[in-house]
1. List the GluC sites (Glu not before Pro) within region 67-106 that fall in a DSSP loop (any state other than H, G, I, E or B) and whose Cβ has at most 12 other Cβ atoms within 10 Å.
2. For region 214-292, what is the relative contact order in percent, using Cα pairs closer than 8 Å and at least 6 residues apart in sequence?
3. What FRET efficiency would be calculated for the residue pair R206, T69, taking the C-beta separation as r and a Förster radius of 35 Å, to the nearest 0.05?
4. May I ask you to order 175-186, 199-210, 59-70 by the average number of other C-beta atoms within 10 Å around their residues, highest value first?
5. Any chance you could run the full-extension gain for I190 through A231? It's 0.36 nm times the residue separation minus the Cα-Cα distance, nm to one decimal.
6. Taking Cα pairs under 8 Å and at least six residues apart, what relative contact order does region 127-244 come out at, in percent?
7. Expressed as a whole number of Å, what is the distance separating the alpha-carbon centroids of region 156-211 and region 65-94?
8. If amide hydrogens are placed 1.01 Å from N in the peptide plane, which non-local residues have theirs closer than 5 Å to the one on E98?
Amino acid sequence: MRKIIWIFLMGIPAFTALQAQNRVNSNKTKQINSEIMENQKSTTTFPVTPGLQNKIRIAYIDEPPFYWTDENGKVKGADIELAEVILQAIGITNIVYEHTTFEQLLPGVQTGRWDMNVPIFVTPERSEDVAFSIPVWALGDGFVVLQGNPKQLTDYKAVALRADARLGIIPGQVQLQRAKAAGVTDHQIIFLKDQHEAVEALLSGRIDAFAATALGNHSIAQANPGLESVAHKIGKDEKVTVGGFSFSKNNPELLKAVNEQLHQFLGTPEHREKMAKYGITATEIDEVADAK
């Protein structure tokens, strides 16, 4: 009996030590699990609107099917849906849309009036002022003309060959440089504020064609029965211009966070399905999805 008691008493220290070791191991396991969970969170943090947690202000203009305000005051469009998917994925719960003009997009984001812009064409000149995300689409140019295209304006060169042709362009857009490079003269170019003014100018005979993206022009023509869209032919060796979101160069963290999500989302079935609702297809997606 004494031998049994002695063995039991001798085992107490070992049992106590084992309990202590188990507690240490348990604490270590909790610490490791906590570190794993922490590492699984996004490693990118970024400043948002001062004093307002998880709020991003994004500027847009009215250019269907990419972005516009509908008759009920709701902001919608292909690039609006894309922005919402990406921003929500990085933890943004409050997205505020700022309606502006094309000319104010870049100065506005530069000076901090808003945090990012909807996608526009990426150019070397614009890249000097702002930071662009990876490309989200690739688009060709086109015209909106009166039904029947009375002056047979099929591209910029066709405009240049007709001294009586007048071409409407929104200031600051890439179509201006392309038109001039094709030989369109200053007196042939009429500057317009937006798509609405372009439609009025076409119907009144003030201009003969309005230059913008072929996809955007298709939307204009669909909404206005007296107009039709003419897509410019793209040569085999001609590179289509890409577009991306733009940010202040003082906000690299937000740019990085957006790019991380774009890399994962662009070209996925969900992305393609969302874009297809607005007429954006593999033609506009594949080039940027394959290059990301």
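Each reported figure results from applying straightforward, stated rules to the coordinates on display, with no laboratory input. Computed from a prediction, not measured in an experiment: that's the story for all the values here. Neighbour counts run over all protein chains shown; Cβ positions are idealised from the backbone, glycine included.
1. Details: sites: E71, E81, E84, E98, E103; in loops: E71.
In loop regions of region 67-106 (DSSP not H, G, I, E or B), the sparsely surrounded GluC sites (Glu not before Pro) are E71.
2. About 22 percent, as a whole number.
3. Numbers: r = 25 Å, r/R0 = 0.71.
Plugging the Cβ-Cβ distance into 1/(1 + (r/R0)^6) gives 0.90.
4. Details: 175-186: 15.7, 199-210: 18.3, 59-70: 20.2.
Packing order, densest peptide first, comes out as 59-70, 199-210, 175-186.
5. Working: separation 41, 0.36 × 41 = 14.76 nm, distance 2.00 nm.
Taking I190 through A231 to full extension adds about 12.8 nm, to one decimal.
6. 44
7. Each part's Cα centre sits 30 Å from the other's.
8. I58, A59, Y60
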